[in-house]
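The values are calculated or read from the model by the stated rules, or taken from the named source; none is laboratory data. None of these values were measured; they are calculated from a predicted model. Don't worry about glycine lacking a Cβ; one is built from the backbone with ideal geometry, like all the others, and counts go over all protein chains shown. Ligands, DNA and RNA are stripped out before the accessible areas are found, and what is left, the full protein with its side chains, is counted by its heavy atoms. Shrake-Rupley method; radii C 1.70, N 1.55, O 1.52, S 1.80 Å.
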Amino acid sequence: AFFETDEQKGDKVLEAEGTIDYLCDGISRYLVEFRGYELSENDLRIMGSLHHVLIDLERIGDYAENIAEFAAEFPENIAAMSPDGRAELGAMSDKTMETLRTSLEIFNARDANRIKIVEELEQEIDVMKKTYISNHVDRLQQKACDPRLDVLFTNMVTTLERVSDHALNIAQSLENG
């Protein structure tokens, strides 16, 4: 939705985010119901871990909604983005999606031995954030970038970095549950 400024894709993101909210709320209420049962410490730890994963997934959905809204609100700015800025956001978006996919694979397989992979990917994204914001400031100073894109670019970089943080939380939940 963002890179193509495709309103229909943005609408699908918003619809999916509504579904995520609905499911997370229902699953969360279901998990809370188990608190009344006599469960082992291990089961309680797993339940707590699952609740945190739900929160992380819900936040990722919120960030996806934010990105879709950026696309809907600023399509002309996205189109005016410098090739370097667009390439950086594309690379960071790809790396963020790789981090999220890997994290979910690890979580689904319950493979705590691979958490380090996600930690390394998340660190790469942290470095990208710092580097790309610095590059963006340089482009602004050299007038190689439209200043109206400042907030959009920095919001996108920050949002992608936060998604990677939540992806890491999901993978690391295996250590707590």
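Residue count for the stretch 127-168 satisfying the condition of being open to solvent by 40 Å² or more (accessible area, probe 1.4 Å), among the charged types (D, E, K, R) and assigned to a helix (DSSP H, G or I): 7. Here Ser28 meets the list (1) among the polar types (S, T, N, Q); (2) out of contact with any helix residue (DSSP H, G or I) (no Cβ under 9 Å at 6 or more places or on another chain); (3) farther than 25 Å from Leu89 by Cα almost entirely, failing just condition (2).
Exactly one residue out of Ala91, Ala64, Ala71 is touching a Gly at 6+ places or on another chain (Cβ under 7 Å), closer than 22 Å to Met128 by Cβ and either surrounded by fewer than 17 Cβ atoms within 10 Å (Cβ to Cβ) or among the aliphatic types (A, V, I, L, M) (or both), and it is Ala71.
For the stretch 102-112, does any single residue satisfy the condition of being in a helix (DSSP H, G or I), under 29 Å from Pro83 (Cα atoms) and at pLDDT 95 or above? Give the derivation first.
Kept after step one, since they are in a helix (DSSP H, G or I), are these residues of the stretch 102-112: 102-109, 112.
Now restrict to residues that are under 29 Å from Pro83 (Cα atoms): 102.
Adding the requirement that they be at pLDDT 95 or above leaves 102.
Yes, the stretch 102-112 contains at least one residue that is in a helix (DSSP H, G or I), under 29 Å from Pro83 (Cα atoms) and at pLDDT 95 or above.
Identify the residue in the stretch 1-59 that is of a type in the set (D, E, K, R) and in contact with a His (Cβ under 8 Å, 6 or more places away or on another chain) and, among all such residues, is most open to solvent (accessible area, probe 1.4 Å). Ranking the candidates gives Arg59 first.
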